[in-house]
Every structure is written in C-alpha cells, then in structure tokens.
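Comments concern the structure below.
The values are calculated or read from the model by the stated rules, or taken from the named source; none is laboratory data. Computed from a predicted structure; not experimentally measured. Quick reminder, even Gly has a Cβ in these numbers, built from the backbone with ideal geometry, and neighbours come from all protein chains shown.
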Amino acid sequence: MYGYSEFDTAFVRERAAQFRAQVERRISGALTEDEFRPLRLMNGLYLQLHAYMLRVAIPYGTLSSAQMRQLAHIAERWDRGYGHFTTRQNIQFNWPKLRDVPDIQDALADVGMHTIQTSGNTIRNVTADHFAGAAADEIADPRPYAELLRQWSTDHPEFQFLPRKFKIGVTGAPSDRAVIRSHDIGLQVVRGPDGGLGFRVLVGGGLGRTPMIAQEIRAFLPEADLLPYCEAIVSVYNQLGRRDNKFKARIKITVHEHGLEAIREKVEARFAQVRTEFGGADRALLAAIRAQFARPALPARPVAPFEAARRADPVFRAWADTNLAPHAVPGYAIATVSLKAHGATPGDAGAAQMRVLADVADAYSQSELRISHEQNVILPHVHRADLPALHAALKAAGLATANVGLISDIIACPGMDYCALATARSIPVAQAIATRFEELKLEHEIGPLKIKISGCINACGHHHVGHIGILGLDRAGVENYQITLGGDGSEDAVIGGRTGPGFAHDRILPAVEKVVRTYLGLRAGPEETFLQTFRRVGMAPFKAALYPAEDKARAA
Amino acid sequence: MSRRFTPKVVTANALLEGDVVYLTADDRWTRNHAEAELIEDEAHAQIRLIDADGRSAEVVGAYLAEARPGPDGPRPVHFREVARTAGPSNHSAGRA
Amino acid sequence: MRPDPAVPARGAVPAGSTARRAAELNARYRHHGATAVLERAMGDAQVGRIALVSSFGAESVVLLHMLSVLDRAAPVLFIDTAMLFAETLDYQRAVAAWLGLTNVQVLRPDPAVLHARDPYGALRLTDPDACCALRKTAPLHAALRPYDAWITGRKRFQGGQRIALDFFEDEGGVRLKVNPLAHWTRADVRDYMVNNRLPRHPLVAQGYPSIGCKPCTGKVGAGEDARAGRWRGRAKVECGIHLARPAAPDIPQTGDDTMPETDLTPASAPVIVTDDGFAADDWTGPVGAPDAPDADAVALPPDADPEALRARLDTLRLIVVEFPGFADGRGFTIARRLRLMGYAGRLRARGHVIADQYTMARRVGFDEVEISAELAARQPAQDWRRRAGWQAHDYQSRLRA
C-alpha cells in the first residue's frame, strides 16, 4: 500500500495547522460564517442536524490496520465511540466539537490520513474498486492512478471553488464495482491498440435529483495523459458550469446542455494547452507510487482446512458462500465483513469492532483493509486455510453476518437521523427491512438483491441504481417513501423506474415485502435473480401487486 | 397576510459544540425545546430572528421553526424538528 | 481610478428655464417607455449634458444596463461615502466591468473636510442629515456642476415623496432630473433583471432590498416596505440628494469638480495585497473594458473568455480579473489560461477574495489581489502574510516538471 512521503506528511500537518487558525478566526469574527463554511467543508467538516460531522477520506478505499486502529482511537477520544462508513469510501464521525477538529486532523496525519476535500465544491475523495489489487478479473490495479489523482487534485489551486462538487471513480476491471458511470469522471483501465495501458474516459454521470449515466468522452486515453486530460475536463467545467442554480451546476448538466460533442471539442483544445505543462514528473511519480502498490507476497499453502470447515460448519459455509470473492492468486480469497448485522445501522462500526478488524487484518490479510461503497469492510488477501479462524474471530465480535449482496446488505444514507439536508429517515427503514427478512428466513432463498435507500433527492444512498431503490421524502410534514425498481450500478448501469405513488412510513416495509414476494412468485427458478426477473417481466406485475385498487379501477 | 401566522421558536446550532439550541425569551440559548420562547406574532418573530442572526459568535444558521404550546412549554411540530429535539433514532446503536 | 472629466459636449446649453423645460419634456414623452425616455434624454438638446447617478444598490443595475446598451462611455457618477458596504464596492466594480462601462466616476467626500467635520465617523449618530450632506450631497453637487441634467433610478412605487414622480423634474431651477423608471412597478424591475440575467447586489439575498451606507441600512422584515431598513428608527426617508432644492452646499470643498486619486481617505481606499503585505494601489492609469481597443489595462468579468485577448497579450500591462464572490472560482481558471497563453504582464484578482485564497491566487498566476478596505480591516495583513509562503507544500509543482 501507499505510505505517505515526507512531502505528504508535511502537507497534511500544514493543512491541519491552517484549519486550526481558521477555526480560531471564525470564533474571533475575522471570518464570517459565510466565509468559514466553504473552508470547513473543504476540510470535511459539516454542520449536521444535531452536531458537527467530520468526514475522513479513505482514498480508493484502502486502509492499513494501523489506520483502522487510529480511527477507533478518534471515535473514542473525540466522538461517541463509533464511526459511519459511507458510500464514497469515507468514514464519518457524527459528534466532534469544533475546537477538537484540528486535533483530530493531527491524529489522522499521524497515520497518513486526512479530511481534505471530502466536501465542498471541489474534487472529492477519489474512489476505486474495493477489490483493487486482489480481484481475479483485474487488468491493472487502479489505485496507483487514484493516488496520483489524489495528489493532483489535493489543494489544486484552480479547482477549489468549482460550480459544484466533482467526483472521480476508477476501476481496473471490466466488472464495475466502483460505479464509475455515476461519477463526474469515470475511468476504466483498458489496454490500448498497441497493448499499452490507458483509460476509457466517461464524463457526466451522477445521481442526485437528475440521475444521468456517464457518457464516453474518450475511448482510449494513454496512461501518460491522465492528469492533463482530467485537468482539461475540470478546467472547462469550471468556466462553463452553471453557477446560477445549484441543482443545475454538476457537470452532467453542463454536458447535457452543451452536448457531449461541444464539451469534447473544448476539452481536447484545453488538453492540448495543458499537456505542455506536464513534462514527465507525473509519470515518474506514478511509477514510484505503483511500486508501493505491488501485491504482497502471498505464498502457496494447502487449502484443506478451509474445505474441512466448510463441510463441518453450516454457519461458516453460509458465510463463505456469500461473503467471499475470487482472488487473483490461487488459494486466496477476498473476504467481505458485513457491517449490516440485521437490525443495526448500515455502515456503522464501533471502536471495539474497528480494533477487531485491525487485528484480523494483521493476522490474516497482510495488515490491509478496504472500505466498499456498499459500506462494508473488506479483507483483500486472506488465505483460504485462514478463513475458519477469521470467521471465528469475526463471529465473536458480531461481525460475521452472512449477507453480502443479499436483501439485508442495504446501502442507506444517514438520512434525517443525522443529515441536515434529509427529508426523511433512512436508517429505521433499513433496520426494519433487514429485521423482517431475517425473521422470515427468506434472505438466502431470495438471493442477490441490492436495496438502496436515500433520505432525500440528493441520492447519497444511490437509490436510483438499487435493484429496489427507496427514496424518503417529506409529503406535507409526513415521511413518505417512493420505490424504484430495476436500477443497476454495475457496468450495465441503469436508472431504476418508479413504481408509482409513495408509501407512508408504516407502509413501506409491507410494500417492499410485496415486491419481493411478487418476484419469488414470478421467477423462472431459484437461479433467476430479482434483476433478471424484473428485466424479463417488466414493471407491470410489481405495480399490480403494490397498487391493487388502481389496477382494478383501470380494468373496470 | 392571508395565511394565519403559526407560532414559532428561533433555533440554531451552537457554534462550538454544534448542539441544537433554542432562543429563550430572556436571550439565552437553551438545549431544551420547552424553554424556548414561543413567538406568536410574525413581526416579533422576524425581530427575534434578526437578533439571533446577530449572535454569530454563539450560533450558526438560525431559523424559525414551527412549534405549539405544550403542558411544559413549546413543543416541536414538524417531524424534522421532533428529530432535532430527540436526537437520532439509532442513538444507542453502534456505540461500542 | 482618476475620474476622467469626460463631460460630453452635446450641443449648446439648453434654452429656457428648467421648470418650463421639465414640463415640456414631460408632455413630449408622456407616452414613452423607460428605454425610450432614457435614449431621448441622452440625445435631446433640451436636456443637454447629462450623467447617470447610481448608488449601485439593489435595483441600480437596471438603469446601468439600459445605459450600457445605449452608450457605454456615458458618464456614471458613483458616490463612495466611505461608509458603504464592502459588497457594494465589489458589486460596483463587478457590474461596471460586466457591462463594460468605461466612464464610471467615483466621487468621494473631500478628505480634509471629512477630517474636520467627522473625524471619527460618528456624525451619523448625532446628525444623520449632516452626515448625508457631508458624504453624499456635497460631493455629488460638486460633481454635477458641469451637467445640465442627471438621471436617477427613482420609482413611484417606492412611495413616500416619490409617489408623484414624473419622467422629468426641475431641480430647483438649476438642472433637470430624469427618472426613466418613474412609472415602473416592482415586478417590472424584477422582470427586467431576470430577462436580462443581470447580477444582483449580494446583500439583496441577505434581506436588504434597499441599500445605502452600512451604518444606516438595516435588513427589512417580511411585509415591510423595501426602504424600511433605511435610517430605521428615524423620521428620515431621503438622504438629501433627492430633496426638492439642492441646498447650496454649505460645506466648503477644497477640491474642484472631482476628487483627485491621491486624496483617497485611507479608510475607504482599496488595498493591494502582495507577498509583502498591504499597499496602496500604484496603478494610476485607467482600466478599460475587455474590448477597449487602446487600453493597456483591462478588467475581465468572470464569464469572459480570455481567448479574446490573445492578440493583445503583448501590449497589455495589467489584466484585472473580477471576483464577484469568493465562492466563484472562475477567475482562477481565467488566470491559469492567460498564463498558459503566454501573458507575462501584471495579473490582478479583484473583489471578494479572502486571505485563505491567496495561495490559490498566486499559484494560478496572479501577482496580486485587490480587496476593499472593509475586507482588509476584517482580514488584516497578518492573515494574508500567513499565506505568503505559497510556494511550499504545493503538489502541482511536484507534478508539473
């Protein structure tokens, strides 16, 4: 993994010192709240419903065991003993005090972490495939590119006051686990005509109130041109993006309004100008970064203990069947630790759990952890022979829920339990659904099914790309939930369609259950997933199940 | 004004702690909704909001929130304000 | 900027008393719209030499825009009372640049008189009328001396003494006042701003529908008159420049028609920030609109395309890039592009730029930042100097080699 250079360390320390001074200037009145707000946001500090919230970047989702332990320490020392992993590979602390924040930033700097640009109208934390460097289907590890982009975008003088936030996602595999099509810039590592590495570049994706799937602006961009090309895109956007209406300010709208062709032309022209500034230092740095991401030595060992445990222990087998993914190295597996225990808050981890995760990473996964956009923790390099011991350790800490990719593995934003923008709560809905299907013992029979819940139109819970999406709204002072079906965040990205009118807070769980039971009744066989069935039969039978009275009215 | 004025309280977040606070009739900031000044007059509400805006060294983002009288003092009306008063519904969850 | 005493000499001094001329003009233009009245007034021999007086307040941009369409070189008089909101000063520059107005004259009270009459800026507390007379009325009347008429943005709907306003008024037999918007409604004003996409004064959104000097302007509550925030708690409703008789200025002016640049009161003069800290502006020449052909200094609004300057980059000595608000980062890209195009002259960021952005400004290629006195007072030189080491901790310099 990447370790901070002296430069990186000095940078984050200087930045924490700057923020400390900014906090004091806000308190003294030298900075107005209007002036302070963007400064605190670009340092990851929000003011939420009940308290400040500090968002810490976990660039490209990679975390060392030492860093995880420090997060546990921060949670206990300055917060209320827990943290919340988000859909963009960040962790949020929900209760810091303003004057403690610089201390937290110093503590983060101690382990090579920061809160920089996790908010604000700037280039946000660069996300990547959470299986990067381990996945069997990978062309190249995307993290060296993401780290290069992190360094380039950090404190980029031209791009700290963009029209709106700007998100970049990178995947190194054809299977898109990083949802790059819903990013402002999506990068997919591909091989070029001459066999060299480069990128397919997508632009203008985003969820929010106007969900759009990113379009291809460049079929192949040579690896060497990564920074100047991204800089050209953001620079064109900075001048062209709308600033009169915050809901039309994302680059997806700029692309939509000007047309992809016009944007491409401007980007290519700017690229030609900007490229002259990059003389090769960026490529040398990339080579140095890449060396640090070399896969650790993963020696071959017999996998017999794994097979034996799998036969002997049904609980272990259930976990192994849902929570493991194929590793590029034979004998190894990628293990996902679910942070979705039935009835718990999706993505929350307590300090003690964080320490257990750090310990098992040291023992079984080369001291490395990943955070997925699905709000789970991943141990990327576990030998199969170690899986029974890993499972036992996780079980003891309440971290062995066998539900990855299943109906209770729900993505949910914090919603109105924490967020100042939310229009309804998300967490209780997620808790109710997970608890209900656990009671029914149907989860494994239902199979792969992604439920995603957002507490407002801004779609932090990615509801548009949930197989079942749920959007919480405020209808005349009452929480109301709309359902979308058929969304898909993978490489086949699709925005889900709305079923019809929303459901009140006490009707949303029965409605979800109806959708699932309709699927179970319609599927061609246990092998046909919810999404496949939906694509085969369409929306109509689900609508009929959800709104029976209306159906009768139409038939009459 | 064709629409009848509904009673309000002035609320904000404390600058240093971030806590939800309410303006009292004697110009204090309280954490207790029931201690807030229930404002029944629109013009007075605007003046109280201006007063609150002026106290930027103490609070952030003051606004008027609907409230109604209760046996022990004003109570929130909208579910968002109820949530702000009560704290997160998973308050104890995840706390190791 | 040294006011260019470019008083247009349009024909001879008009004949007839001002009262008579006002009546005749009102009859002639009775059925005309605002734009027509403005256009005719600027060319009508019976009106004579004319200037627009603008506060660059909440609604001023409407008339300024109309004027800019007709003649961007027409004189615009703006009174800086040294007590204005910083936002007004920023807005004044941004709007002037935006509309390409080339003859905006900033009037300031005579520093010597100011020092004698109101050394602590406290006159407003004891005698607001005297304060207005000192800071507004006197400088304006001095500046209006060469003109036969002046244009105001007053409207009937503003009420008070304005409900019977006509297009043309006799100002005490001395000169004419032209009020092209006299018959406009609030909705007309709003529609015009929306339809022409005109930039709004930043304070409007903060609850100031009418904007004057900072100490005597308050926010206005819902349901209140738009001018209710002016001199709140006092009987005063007009500042004095619009009172029926132009009181013979009882305040001696040491200056002549205009205020020389060098006499700027330090309290209100903008500040230039460089790595060395604060300094006064040493650029004494005019700064033109982007398409002013012979200018060696131009100001670019944030939506300008720097490509338009490509052919002139060698002859330009100063380019000023306007920042209407600190959260609008377009100027950073403009600066970067100018440097990429090879511009080697002086590059200045002007407007609402805060100390925390100094590093960014320097790194994209700005040499200096021009800020208002108010901002300089709130964010003193030490806040900026803290960022003087902008070359350290710079990822870009590691990547671009």
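At a glance:
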{"read-out": "Total residues in region C:265-310, condition touching a Leu at 6+ places or on another chain (Cβ under 8 Å), closer than 30 Å to A:Leu240 by Cβ and either part of a helix (DSSP H, G or I) or hydroxyl-bearing (Ser, Thr, Tyr) (or both)", "value": "2"}
{"read-out": "Per-region count, region C:21-45, residues at pLDDT 80 or above, out of contact with any strand residue (DSSP E or B) (no Cβ under 7 Å at 6 or more places or on another chain) and among the basic types (Lys, Arg)", "value": "1"}
{"read-out": "Some residue of region A:220-240 being part of a loop (DSSP other than H, G, I, E, B) and of a type outside the set (Ser, Thr, Tyr)", "value": "no"}
{"read-out": "Strands (runs of 3 or more DSSP E) wholly inside chain B containing at least 1 residues that are free of Cβ contacts under 8 Å to residues at least 12 places away in the same chain and within 30 Å of A:Leu54 (Cα to Cα)", "value": "none"}
{"read-out": "Tally of residues being among the hydrophobic types (A, V, I, L, M, F, W, C), in a loop (DSSP other than H, G, I, E, B) and at pLDDT 95 or above across region A:167-194", "value": "1"}
{"read-out": "Any chance A:Gly61 is within 12 Å of chain B (Cβ to nearest Cβ), touching a helix residue (DSSP H, G or I) at 6+ places or on another chain (Cβ under 9 Å), modelled with pLDDT of 95 or more and within 30 Å of A:Gly172 (Cα to Cα)", "value": "no"}
{"read-out": "Enumeration of residues in region A:500-523 that are in a loop (DSSP other than H, G, I, E, B) and in contact with a Ser or Thr (Cβ under 7 Å, 6 or more places away or on another chain)", "value": "A:Arg523"}
{"read-out": "Residue ranges of strands (runs of 3 or more DSSP E) in region A:264-361 with at least 3 members under 25 Å from A:Pro142 (Cα atoms)", "value": "A:324-326, A:332-337"}
{"read-out": "Residues that are crowded, with 19+ Cβ neighbours inside 10 Å, of a type in the set (D, E, K, R) and either in contact with a strand residue (DSSP E or B) (Cβ under 6 Å, 6 or more places away or on another chain) or closer than 19 Å to A:Ser28 by Cα (or both), drawn from region C:361-387", "value": "C:Glu368, C:Glu370, C:Glu374, C:Arg378, C:Asp383"}
{"read-out": "Residue within region A:395-407 that is small (Gly, Ala, Ser), modelled with pLDDT of 95 or more, within 28 Å of A:Ala358 (Cα to Cα) and under 20 Å from the mean Cα position of the chain (by Cα) present", "value": "yes"}
{"read-out": "Residue, surrounded by the fewest Cβ atoms within 10 Å (Cβ to Cβ), within region A:206-236, restricted to residues that are in contact with a helix residue (DSSP H, G or I) (Cβ under 6 Å, 6 or more places away or on another chain) and of a type in the set (Val, Ile, Thr)", "value": "A:Ile213"}
{"read-out": "Single residue of region B:64-85 satisfying the filter (within 13 Å of chain A (Cβ to nearest Cβ) and either modelled with pLDDT under 90 or touching a Leu at 6+ places or on another chain (Cβ under 7 Å) (or both)) that is surrounded by the most Cβ atoms within 10 Å (Cβ to Cβ)", "value": "B:Ala83"}
{"read-out": "Residue in region A:466-485 that is within 25 Å of the chain's Cα centre (by Cα), farther than 23 Å from A:Asp417 by Cβ and in a loop (DSSP other than H, G, I, E, B) present", "value": "yes"}
{"read-out": "Filtered residue count, region B:48-63, keeping only those that are surrounded by 18 or more Cβ atoms within 10 Å (Cβ to Cβ), modelled with pLDDT under 95 and β-branched (Val, Ile, Thr)", "value": "0"}
{"read-out": "Exclusive hit being more than 12 Å from chain B (Cβ to nearest Cβ), at pLDDT 95 or above, surrounded by fewer than 24 Cβ atoms within 10 Å (Cβ to Cβ) and closer than 29 Å to A:Ala318 by Cα, set A:Glu439, A:Glu491", "value": "A:Glu439"}
{"read-out": "Options A:Ala232, A:Ala219, A:Ala224, A:Ala214: the member that is modelled with pLDDT of 95 or more, within 30 Å of C:Pro324 (Cα to Cα) and small (Gly, Ala, Ser)", "value": "A:Ala232"}
{"read-out": "Within region C:46-73, tally of residues that are touching a strand residue (DSSP E or B) at 6+ places or on another chain (Cβ under 8 Å), assigned to a helix (DSSP H, G or I) and either over 16 Å from C:Leu198 (Cα atoms) or touching a residue at least 60 places away in the same chain (Cβ under 8 Å) (or both)", "value": "2"}
{"read-out": "A:Asn125 buried (at least 22 other Cβ atoms within 10 Å of the Cβ) and either part of a helix (DSSP H, G or I) or within 11 Å of another protein chain (Cβ to nearest Cβ) (or both)", "value": "no"}
{"read-out": "Residue in region A:66-73 that is in contact (Cβ under 8 Å) with a residue 60 or more places away in the chain, facing chain B (nearest Cβ under 10 Å) and touching a helix residue (DSSP H, G or I) at 6+ places or on another chain (Cβ under 8 Å) present", "value": "yes"}
{"read-out": "Criterion violated by A:Val126 - all others in (1) under 18 Å from the mean Cα position of the chain (by Cα); (2) assigned by TED's automatic domain parsing to the domain that holds A:Gly206 satisfied", "value": "(2)"}
{"read-out": "Subset of region C:336-366 that is part of a helix (DSSP H, G or I), facing chain A (nearest Cβ under 8 Å) and among the hydrophobic types (A, V, I, L, M, F, W, C) - its residue that is farthest from C:Gly389 (Cα to Cα)", "value": "C:Leu340"}
{"read-out": "Which listed residue is more than 19 Å from A:Leu162 (Cβ to Cβ), at pLDDT below 95 and more than 11 Å from chain A (Cβ to nearest Cβ), from C:Ser397, C:Ser372", "value": "C:Ser372"}
{"read-out": "Criterion violated by A:Ala555 - all others in (1) surrounded by 12 or more Cβ atoms within 10 Å (Cβ to Cβ); (2) among the aliphatic types (A, V, I, L, M); (3) at pLDDT below 95 satisfied", "value": "(1)"}
{"read-out": "Residue count for region A:462-482, restricted to those that are crowded, with 24+ Cβ neighbours inside 10 Å and either over 18 Å from A:Asp176 (Cα atoms) or polar (S, T, N, Q) (or both)", "value": "7"}
{"read-out": "Candidate set from region A:15-40 (those that are among the acidic types (Asp, Glu) and closer than 16 Å to A:Val101 by Cβ); member that is surrounded by the fewest Cβ atoms within 10 Å (Cβ to Cβ)", "value": "A:Glu24"}
{"read-out": "Given (1) away from chain C (no Cβ under 14 Å); (2) under 19 Å from A:Arg124 (Cα atoms), index of the condition A:Gly192 fails", "value": "(2)"}
{"read-out": "Criterion (in contact with a Phe, Trp or Tyr (Cβ under 7 Å, 6 or more places away or on another chain) and either part of a loop (DSSP other than H, G, I, E, B) or more than 19 Å from C:Ala41 (Cα to Cα) (or both)) met by exactly one of C:Ala182, C:Ala164", "value": "C:Ala182"}
{"read-out": "All positions within region C:309-324 that are free of Cβ contacts under 8 Å to residues at least 24 places away in the same chain and surrounded by 12 or more Cβ atoms within 10 Å (Cβ to Cβ)", "value": "C:Arg312"}
